[in-house]
Amino acid sequence: MVFFLSNRIGSHIIQLFSAFCFQVYILSMIFRISICLLFILQLNNSQAQVGKQFPVVEVENLDGKVFQLPVHFDAEYTLVGIGTSKKAEDDLRTWQTPVYNKFVAKTGLMDQMYDVDICFLPLFTGASKAAKGQVVKKLKENNEKLVLKHVMVYAGSREPFAEIDADDKDAPVFLLLDGSGKIKWSASGKFRQAHLDAIEEILSQ
């Protein structure tokens, strides 16, 4: 009788353990599918930007001098990083050092062959325009002088950037423009080495 009960208890425990493992497997699959869907949505959004023309807009450097983008740049390509919120600004900062080292300081073995200008562009639209002065002051305090030369600010309507899907409030958007201002590549979010690899592939064509 004791042996029979022991077998039943053991069988019940095995069934519970199997059910638990199955639930873990299902949750794991749901998580993986969700990650894949997010990646596909981000990829589709990036692909939708490619081929569009960057809008002609007036911007200022941190000394208040006015320029027009993208015509201000005369390099073969221009990499523009756009941020529209504090959260986006934090992620945008993750791009500064690797992008600067690659295309301005040219610290890599083959970097001299790339003709790329860079522009970090915080956007101030709507009510956020009132905060422009304070943000510019913080940018000057928290960034190296060499990087500051590549920071410009935009204060105006969000519409020009909405038309090219570059007004994401939660993440920075990076656009690689050719000499005519056409978008050749785009990405959003924090810096990843894969982004730089994709840019180099385009530059090497």
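The table below gives the values:
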read-out	value
Other-chain or far-sequence residues with amide H under 5 Å of Ile164's (modelled H)	none
Cα-projected label distance for Gln193 with Glu60, points at 7 Å along beta-carbon direction, nm	4.0
Lys/Arg +1, Asp/Glu -1 at C-beta; the range 57-203 dipole; positive extreme among Leu79, Phe124, Ala166	Phe124
Val71-Leu148 pseudo-label distance in nm [points 7 Å out on the Cα-to-Cβ vector]	2.9
Spin-label model distance (nm) - Glu200 vs Glu163, 7 Å beyond Cα toward Cβ	3.5
Hz values of 3J(HN,Hα) by residue in the range 98-113 - Karplus curve (6.51, -1.76, 1.60), Gly and Pro given as x	x, 5, 4, 4, 6, 10, 10, 5, 6, 7, x, 4, 9, 5, 5, 7
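Values in this text are rule-based calculations from the coordinates and carry no lab data. Bear in mind that the values here come from a model prediction, so they are computed numbers and not experimental data. With ideal geometry, Cβ positions are generated from the backbone for all residues, glycine too; neighbour counts draw on all protein chains shown.
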